[in-house]
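Written below as structure tokens is the structure these notes are about.
The values are calculated or read from the model by the stated rules, or taken from the named source; none is laboratory data. Source: prediction; values computed, not measured. For neighbour counting, all protein chains shown are included, and Cβ atoms are generated from backbone atoms with ideal geometry for every residue, glycine included.
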Amino acid sequence: MDTRIIEEKFKSLFGDNYMVYTSPGRVNLIGEHTDYNGGFVFPGAIDKGIYAAINPNGTNKVRAYSVDYEGQVEFGMNEEDAPQESWARYIFGVCREMKKRGFEPKGFDTVFVGDVPLGAGMSSSAALESTLANALNDIFNLNIDRFELARIGQSTEHNYCGVKCGIMDQFASVFGKKGHLMRLNCATMEFEYFPFNPEGYKVVLLDTVVKHELASSAYNKRRESCENACAHIKARHPEVNYLSDATMAMLDEVKAEISEEDYKRAVYVIGEKQRVLDVCDALEKGDYETVGDRMFGTHYGMSKEYEVSCEELDFLNDVAKKCGVTGSRVMGGGFGGCTINLVKEELYDDFIATAKKEYLAKFNREPKVYDVVISDGARRIK
């Protein structure tokens, strides 16, 4: 992205001295609804993110301007100084979470802009948190390790923005690496990079442009189902702390003790753990056909077992199959948002044209299309 827009605005508001930092949004190739079940996620940073010009201002106040919201705020760093504007609370929260941990960021000026599509499930909020956390760590020499920067972003969401998110989004934004996906064990926080250079393929998101308002109550119900199944398994197998620790054989032992619904939810979670491991093996061999097959498997599981898909997502998944796409699945929590698709370059144009035409005919709107390139994480660029 051309950063001149934030640089010129910064100069007009705050002066000629500044540095420019960026952090990316993310996609998750596979490993969905696994984070709170102690399983694996498999995200990658993308080539779209948040960009911020920033400089210390010698005070204890923050002055921030959002290009996207065309708004400017000024606030202190004490708890009672919280700004009203929702976008500014992310910045305030990062400062507060650093202070709670004993670090002392000082006042600064910043102008920021983003090219992460909002509402498409690519984690624009995590990108903003990671940009600010990394920049403040750098310019004030705070020496915070990178895992803690990700946790600061997560705590900002929990405590200042009202979102009880897992760690994946902030982790991917901080640790992203060009040409690699990351397998993160959500129980132990151990992670490993896997090469992702799908020559001859493209990764593309199709955004349904719908969000069904089932989400929060439905998530909570599924979480309860998983916890219930896990508790029954743990009674027989004390070593099982998370549902992802269990096997299908263990689940079948307790099938008669739990509801059919809880059983179905658990089948999905245990199956998804194996699908992530299969994808890791396939990537090490450059076997993108297996990667795609497991993506379709995840979509089936999210649609029929975990039941978090919707008519629009299932429709796009069916179009992908019909067009010979290698892999396709719902990405994110479900009930709307995007499908992530792995498609051979020679089929790409036909797939996009067909998806747009058929989706428009069925739902009276076109899906939005976002091409994805796997890129680096939080960094200074000027």
Counting only residues in segment 265-289 that are part of a helix (DSSP H, G or I) and over 24 Å from residue 38 (Cα atoms), the one modelled with the lowest pLDDT is identified as 285
When (1) among the charged types (D, E, K, R); (2) in contact with a Gly (Cβ under 6 Å, 6 or more places away or on another chain); (3) surrounded by fewer than 16 Cβ atoms within 10 Å (Cβ to Cβ) are applied to residue 129, the one that fails is (3)
The lone condition residue 192 fails out of (1) closer than 23 Å to residue 287 by Cα; (2) assigned by TED's automatic domain parsing to the domain that holds residue 339; (3) of a type in the set (Asp, Glu) is (2)
Counted residues in segment 49-67 being within 25 Å of the chain's Cα centre (by Cα) and loosely packed, with under 14 Cβ neighbours inside 10 Å come to 0
Considering residues that are surrounded by 15 or more Cβ atoms within 10 Å (Cβ to Cβ) and of a type in the set (Asp, Glu), the number found within segment 75-114 is 4
Per the filter on segment 283-318, residues more than 18 Å from residue 211 (Cβ to Cβ) and of a type in the set (Phe, Trp, Tyr) are 288, 296, 300
Given (1) out of contact with any Cys (no Cβ under 7 Å at 6 or more places or on another chain); (2) closer than 30 Å to residue 349 by Cβ; (3) modelled with pLDDT under 95, residue 222 misses just (2)
> Taking the stated definitions as given, is residue 288 surrounded by fewer than 20 Cβ atoms within 10 Å (Cβ to Cβ) and hydroxyl-bearing (Ser, Thr, Tyr)?
Replying inline: no
Is it fair to say residue 172 is assigned to a helix (DSSP H, G or I), assigned by TED's automatic domain parsing to the domain that holds residue 25 and in contact with a Ser or Thr (Cβ under 6 Å, 6 or more places away or on another chain)? no
(1) in contact with an Asp or Glu (Cβ under 7 Å, 6 or more places away or on another chain); (2) aliphatic (A, V, I, L, M); (3) without any contact (Cβ under 8 Å) to a residue 60 or more places away in the chain all hold for residue 120 apart from (3)
Selection from segment 5-33 of residues closer than 30 Å to residue 292 by Cβ and either among the hydroxyl-bearing types (Ser, Thr, Tyr) or in contact with a strand residue (DSSP E or B) (Cβ under 7 Å, 6 or more places away or on another chain) (or both) yields 23, 24, 25, 26, 27, 28, 29, 31
| query | Quick check: anything in segment 208-215 of a type in the set (Lys, Arg) and either modelled with pLDDT of 95 or more or not assigned by TED's automatic domain parsing to the domain that holds residue 302 (or both)? | reply | no
Those residues of segment 159-169 which are farther than 17 Å from residue 87 by Cβ and buried (at least 22 other Cβ atoms within 10 Å of the Cβ) amount to 168
Checked segment 355-377 for anything more than 12 Å from residue 206 (Cα to Cα) and assigned to a helix (DSSP H, G or I); matches are 357, 358, 360, 361, 362, 363
Of those in segment 255-270 that are over 14 Å from residue 307 (Cβ atoms) and not hydrophobic (A, V, I, L, M, F, W, C), the residue nearest to the chain's Cα centre (by Cα) is 255
